Amino acid sequence: MAIVIFDNDYSPPAQAYYFREDALSQFTGARLVAASRGDVDTDIVLTHPTEPTPVRGAPSPAGRVKVRARVAMLTEHSRPFGLETPTEFSPMPNPNRQRFVRAYRFEALAQSAGYRTLLGKAPGDPAWTKDVVDYYTAGPSDPRYGELARKLVAQLPPVRQADPFAKALAITLHLNKELSYSTKERHAGAADPTADMLFGNKIGYCVHFAHAAVYLWRSVGVPARVAVGYRTEEDARAGGSALLVRSGDAHAWPELYLAGIGWIVLDVAAEKNLDPPAPPQDEDLQRLLGEMARSDPPDPKEPPRLRRPPMRNWGRDIGLAGLLLVVGAAVALYLIKIWRRVVPIVAGQRSIGRVGYRYALDLLAEAGLSRDFGETREAFARRAGNLAPSFSAVTDMHLAARWRGPDVAPADRPERSRAAWRKALRALRADLGRRGKLVRRLLGLVNPASIFDAR
């Protein structure tokens, strides 16, 4: 998803980096959604900055340390993310337009205080109105949330039973012990998936856990919300300044608000994990992308190279020249189509991922399916699934070849194998033959300009 370059060292107390992109805090009576009012969640930035932009609602620097970092995005995001509590976002030139879609900087006040120092802090912000306090403590009417939360709080020493952080910590430790992690358990058919998980089989994933913690905290008066973004283990940095944020790092976690401190991450970490372990971080890829993100971008003020003006032929008849141009263009386009069909047969390991994917796009364009401008490759693969299910595997191989690169990926990887690509493309042709309309495919085949629809 992105490569983050830290300008100064920072070790989080939770031993993981939390990059917040959005927050869910407004309880609709059935679930939590993003805020629809302007006086809450003021620290959430809705668009990428075009100039240095301070973040509203920045917390006090007490118990926090300033962290500066650069972010180079590998895929498009509608809004930026920053570490825990960003205080400013600013744009920066893209260091490598072939790899990154945009780049920006952020400054953040990340937590440095230990959890013991949070005991005794009052809940919420003294400047909040009663309406805002009610907003951040609203939750389901299901009495089981309050009953469970009060039962857990009652187990605290009497001196701590009114302490908001102690209450939140007691609830979180209970969830850690009782819940089991599995991305296969969705609870999708339940009216309240969180209650179905918490008071049912206790199996779910981060979205269920974060909502459970927030609902329980709110039921005992602790202002809280669900944050959405990415969580990456501190060890993934491997001692360097670069950190690769992967799509598998997408995460939701609970946050509570303490006076004088601001939003605090107190994540749920289920002791039992029913999913197979995630693949390890690719340190070579992380190092390579980090070097690219650090490189200086091209100078936009550099004058373009002078081009030789095209030759003019004044001796030919204009009409005949026009006809010849049309015929020549058609012939050239047919030759290009033929060449694009043949080149995957002889392509080397360095280029097979690119030319094989281009061949697949040509087949889809002839069948009447093209990628929209601005549409990601993954989104196009999902949209093309009804017509060509095998195109998803072709897309995965192409992305692996593109992002790993020939100098990183092992020689025996499928995305570098002509045999693997021939097999994948045969499957794609078979899908189109079974599901595509024959007349449409024939028209696309004889259309010399169909290659322009292959994006």
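Let me confirm something: among ALA30, ALA58, which residue is touching a residue at least 12 places away in the same chain (Cβ under 8 Å), in a loop (DSSP other than H, G, I, E, B) and closer than 30 Å to ASP192 by Cα? First the steps, then the outcome.
Working: ALA58 fails: closer than 30 Å to ASP192 by Cα.
After applying the criteria, what remains is ALA30.
Selection of the stretch 93-110 for residues being surrounded by fewer than 15 Cβ atoms within 10 Å (Cβ to Cβ) and either of a type in the set (A, V, I, L, M, F, W, C) or assigned to a strand (DSSP E or B) (or both) yields only VAL101.
Against the list (1) of a type in the set (Val, Ile, Thr); (2) surrounded by fewer than 19 Cβ atoms within 10 Å (Cβ to Cβ); (3) over 25 Å from VAL446 (Cβ atoms), the condition VAL331 fails is (3).
Looking across ALA170, ALA212, one residue alone is touching a Phe, Trp or Tyr at 6+ places or on another chain (Cβ under 9 Å) and assigned to a helix (DSSP H, G or I). It is ALA212.
Restrict the check to the stretch 286-297 and report whether at least one residue is in contact with a Ser or Thr (Cβ under 8 Å, 6 or more places away or on another chain) and in contact (Cβ under 8 Å) with a residue 12 or more places away in the chain. The answer is yes, given that some residue of the stretch 286-297 is in contact with a Ser or Thr (Cβ under 8 Å, 6 or more places away or on another chain) and in contact (Cβ under 8 Å) with a residue 12 or more places away in the chain. The set of residues in the stretch 215-252 being charged (D, E, K, R) and part of a helix (DSSP H, G or I) consists of ARG218, GLU234, ASP235, ARG237, ASP249.
Yes/no matrix, rows are residues, columns are (1) among the aromatic types (Phe, Trp, Tyr); (2) under 30 Å from TRP403 (Cα atoms); (3) free of Cβ contacts under 8 Å to residues at least 12 places away in the same chain; (4) surrounded by fewer than 18 Cβ atoms within 10 Å (Cβ to Cβ):
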| site | (1), (2), (3), (4) |
| --- | --- |
| SER112 | no, no, no, yes |
| GLY124 | no, no, no, no |
| ASP131 | no, no, yes, yes |
| TYR136 | yes, no, no, no |
| LYS167 | no, no, no, no |
| ILE171 | no, no, no, no |
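What number of residues within the stretch 364-381 are exposed (fewer than 14 other Cβ atoms within 10 Å of the Cβ) and either farther than 13 Å from THR75 by Cβ or touching a strand residue (DSSP E or B) at 6+ places or on another chain (Cβ under 6 Å) (or both)? Within the stretch 364-381, residues that are exposed (fewer than 14 other Cβ atoms within 10 Å of the Cβ) and either farther than 13 Å from THR75 by Cβ or touching a strand residue (DSSP E or B) at 6+ places or on another chain (Cβ under 6 Å) (or both) number 2. Here ASP235 fulfils each of the conditions (1) touching a helix residue (DSSP H, G or I) at 6+ places or on another chain (Cβ under 7 Å); (2) open to solvent by 50 Å² or more (accessible area, probe 1.4 Å) apart from (1). Are any residues in the stretch 189-209 closer than 17 Å to GLY29 by Cα and open to solvent by less than 20 Å² (accessible area, probe 1.4 Å), and if so, which ones? Across the stretch 189-209, the qualifying residues are THR194, ALA195, HIS208.
Taken over the stretch 38-55, the residue count meeting the criterion of being touching a residue at least 40 places away in the same chain (Cβ under 8 Å) and loosely packed, with under 12 Cβ neighbours inside 10 Å is 2.
Restrict the check to the stretch 241-258 and report whether at least one residue is closer than 21 Å to GLY114 by Cβ, of a type in the set (D, E, K, R) and open to solvent by less than 10 Å² (accessible area, probe 1.4 Å). Looking through the stretch 241-258, at least one residue is closer than 21 Å to GLY114 by Cβ, of a type in the set (D, E, K, R) and open to solvent by less than 10 Å² (accessible area, probe 1.4 Å).
The values are calculated or read from the model by the stated rules, or taken from the named source; none is laboratory data. Bear in mind that the values here come from a model prediction, so they are computed numbers and not experimental data. Note: ideal-geometry Cβ built from the backbone for every residue, glycine included; neighbour counts use all protein chains shown. Each accessible area value is taken on the protein alone, full model and side chains, heavy atoms only, with ligands, DNA and RNA left out. Shrake-Rupley method; radii C 1.70, N 1.55, O 1.52, S 1.80 Å.
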